[in-house]
Structures are given as structure tokens and as C-alpha cells.
Amino acid sequence: SEQKEPGLPLFFGWFLLPEEEERIKCATMDFLKTLDTLDAFKQHISEFTGEAEKEVDFEQYFQTTGPLHCTAKFCDYGKAEGAKEYAELEVVKDSFDKSDEISVTALIVTPRTFGARVALTETQIKLWPEGGDKTGAPEALLASIEALPAGSRAHVTLGCSAGVEAAQTGLDLLEILALQKEGKECTQVEMELGTLSYLGEGRWFLALREAITADTKFSSFSE
Ligand code: A2P
């Protein structure tokens, strides 16, 4: 329905605690600074800058807004499909305002977005909405998404380039996972943090050697 439902938030999700937010922002910015120095990355720099030989200042390139979080259900104040039903789920009510830990297993960087892949636990998957991986996805990606396990889209948006909406991060992640499934990695580089893969068109994926965990609270957000 297109009707606004009173009391429904913009979205539900796992929100990083303030001290965790700082830690994750620093660690992930360090990764971007290292990425910037790699020859493999420099070779494809024009996919970010439009010009060869030009450097990217990632601190400027990716803008962050709002609290760091992993979206569970985008409700759009009730305008999103299934928003009311989601808010009324027993598991949502029971989990609300409760502490929880999320596990980041990979980072993605594309010309549009910078994000952290979240591996949901079996308990967390219960808070993942039906069809949550597919919402707003382009037609061309739907078949690949269906072939991925539920919750594959779970992520924290760490930054977006100018004019890009946050929802793009999940779509970039799904596209990368689909390409990986097809064996489309081009270059692989071993880094201290893990294995970095290039998937063409400025898409980079770092599989972390060790997952980064962060303390969160499951809650909702409204502007
Ligand atoms: P994400 O979860 O990728 O960070 P906005 O500020 O654009 O209104 O978005 C608020 C939050 O809801 C962001 O976290 C954003 O993306 C997420 N979001 C926005 N639109 C959608 C959508 N259509 N499907 C899923 N998540 C969305």
C-alpha cells in the first residue's frame, strides 16, 4: 500500500554502538588508504576518477550519513511492502532494543559505494524480511539473487559517492556475489587483512581473513 502507517519507522536494523562506530570507521578507512597504494588498484583508477594517473581521495570520495547500521527491513514509514506485517512479527518485538553482535566478513568498494558485508547468524536471519534480498533490485539481477542464500544482501553502508543512494550498497554487494559465483574474478591480491578480488568495472571485494565483530542494538530509525 502507498498509505503511511502511523508509528512505522523508516527502517529497522542493527545499529552499531557509538564506540564501535569509531573503531569500524577507522579500520575501514585504513583499508581504503592501503587500497589506494596498490598497483592492481592504480591500474583501474580511471573507473573511479574518469582519468588515468589521477589519485582518489577516499575520505572525500565516499560520504557518510547517519548512524552506521545494518538494515534489516526498510519500511519507508509504512509505504514499503510488508512493513506493517514485519513490525508486528513476534521476533521483531522480542528483539527490539536488545543488544546483538554482528560479524563483518568482507568489504566491498565500487565507484558508487563502500560497504561491509555482514554474515547473519541463524537467529539474525529470523529478523531478515521475506524478499529482503530482492527489494528494488534491477530485473537483470533477480535470477542471480534467487540463487544466493537468504540474507546475502546484509551489509553496513560505509559511504556513498556523490549523488548515490545508500540502497545501492546492497545491490553492489549482490552483483559482486553473483559475479563471484560465476567465477568472474579477474585479479586477486593477498593483503594483510585478507584476499582482495577485482570483478571488473571498478568492483573490488576484500574477503577478510578474520571477521570483524561489532556490538550493536536492534532498533529502528526515523528522521
Ligand atoms: P542501506 O541499507 O544500503 O544502507 P535512505 O537514507 O536512502 O532513506 O535510506 C535509509 C536506510 O534504508 C539506508 O540504510 C538504506 O540503504 C536503506 N534503504 C533505502 N532504500 C531501501 C530499499 N529500497 N531497500 C532496502 N533498503 C533500503
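The values are calculated or read from the model by the stated rules, or taken from the named source; none is laboratory data. Values in this document were obtained by computation on a predicted structure and should not be read as measured data. Positions of Cβ are generated from backbone atoms using ideal geometry, with glycine treated the same way; all protein chains shown enter the neighbour counts. The protein model used for the area step is the full one, side chains on, heavy atoms only, and it has no ligands, DNA or RNA in it. Shrake-Rupley method; radii C 1.70, N 1.55, O 1.52, S 1.80 Å.
As a check on your grasp of the helix formula, calculate [θ] at 222 nm for the chain: sum -39500 (n - 2.57) over DSSP H runs of n ≥ 4, divide by the residue count, round to the nearest 500. The partial results should precede the final answer.
Values: 9 runs with 67 residues, N = 223.
Mean residue ellipticity, 222 nm, calculated: -8000 deg cm²/dmol.
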**Message:** Checking the cross-link filter: which lysines have an alpha carbon closer than 20 Å to that of residue 126, excluding same-chain neighbours under 8 positions apart?
**Reply:** 73, 84, 93, 98, 134, 217
**Prompt:** Treating the beta-carbon of each Lys and Arg as +1 and of each Asp and Glu as -1, no other charges, what is the dipole magnitude of region 74-223 about its Cα centre, to the nearest 20 debye?
**Reply:** 200
**Asked** Taking only the alpha-carbon positions of region 1-148 and ignoring solvent, what does the Debye formula give for the base-10 log of I(q)/I(0) at q = 0.22 Å⁻¹?
**Response** -1.41
**Complete:** At the level of C-alpha centres, the distance separating region 107-136 and region 66-104, in angstrom, is 13
**Request:** Keeping all protein chains in place, calculate the accessible area per residue for region 74-204 (probe 1.4 angstrom), answer in Å².
**Result:** 49
**Message:** More than 12 angstrom separation, counting every C-alpha pair in region 56-114; what % is that?
**Reply:** 80
**Helix axis angle, 168-181 relative to the chain longest principal axis, alpha carbon, degrees** = 60
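Protein chains only, probe 1.4 Å: how do 191, 29 rank by accessible area, largest first? All intermediate terms of the calculation are to be shown ahead of the outcome.
Numbers: 191 20, 29 40 Å².
From most accessible down to least: 29, 191.
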**Message:** Give the lysines reachable from residue 42 as a straight Cα distance under 18 Å; neighbours fewer than 8 places away on the same chain don't count.
**Reply:** 33, 54
**Message:** I want to make sure I understand the PRE zone here: with the label point 7 angstrom from the Cα of residue 190 toward its beta carbon, which residues in region 21-36 have backbone N atoms less than 19 Å away?
**Reply:** 35
**Complete:** Once all protein chains are kept in place, residue 213 shows an accessible area at probe 1.4 Å, nearest 10 Å², of 60
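Please work out the ratio of the alpha-carbon Rg of region 115-223 to 2.2 N^0.38 Å and round it to two decimals.
On the way: Rg = 14.6 Å, N = 109, 2.2 N^0.38 = 13.1 Å.
It is 1.11.
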**Prompt:** If one takes the longest principal axis of the Cα atoms in the chain, at what angle in degrees, from 0 to 90 and to the nearest 10, does the Cα axis of helix 18-35 lie?
**Reply:** 30
**Message:** Give me the percent of accessible area attributable to carbon and sulfur for region 1-122, probe 1.4 angstrom.
**Reply:** 48
